[in-house]
Each structure stands twice: as C-alpha cells, then as structure tokens.
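Below is one structure, written out as structure tokens; comments come after it.
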Amino acid sequence: MNKGVLTFFCGKMGAGKTTKSCEISQERNAVLLSEDEWLPSIYPNSINTLDDYIEYSGRLKPQMKKLVQSIGDFQPSCPNGCT
C-alpha cells in the first residue's frame, strides 16, 4: 500500500500559507484541512480579536490532530515540537 504524505504549513499571517496549500492540494488531488475554513464555519461571528482566535483555534486544534492521526498510521515529527 502506498503511504500518503502529510504537508503541514505554519507561518505568519499573510505569508501565503492558504494560497500555497490550496495550490498543492489541487495539484496532488489531496485533502485540504484548513483552519481558515473551519474556524468561521464552526464559530460564526465569534472571532473578532487575537484573543478570540487563540481561544477558538485552541478548541479546534485537538480535534484536527485526532482527525489527521485517524487518516494515517503515523506520529508527527516536529522539529520545533508539536502541541
């Protein structure tokens, strides 16, 4: 069985993470899990400040981690640590 590839983007706001991840997902016919799409869908009109983002993204991250781990049998390797 072929193993999949997990590509994870992190960086500053406005750096182009969403644009690049959309391009890659289309080129590779890959699944795209995007916090940018999930947060406003799950918490509409709730994120207005940086503190709001920190709170709501903190709620979302553990669930996204479980989803990613359920897709593939792997443990993430993070040079700067994973949370």
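Overview of values
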quantity: Proximal aspartates and glutamates to Lys65, defined as alpha-carbon separation beneath 14 angstrom and excluding residues fewer than eight positions away on the same chain; calculated: Glu35, Asp73
quantity: Surface accessible to a 1.4 Å probe, per residue, for the residues of region 6-54, Å²; calculated: 83 Å²
quantity: Summed residue charge, Cβ within 14 Å of Leu32's Cβ, Lys/Arg positive, Asp/Glu negative; calculated: -2
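The values are calculated or read from the model by the stated rules, or taken from the named source; none is laboratory data. What you see is a predicted model; the values in this text were computed from it and never measured. No Cβ is skipped: glycine too gets one built from the backbone with ideal geometry, and neighbour counts run over all protein chains shown. Heads up: the accessible areas ignore ligands, DNA and RNA and are worked out on the full protein's heavy atoms, side chains in. Shrake-Rupley method; radii C 1.70, N 1.55, O 1.52, S 1.80 Å.
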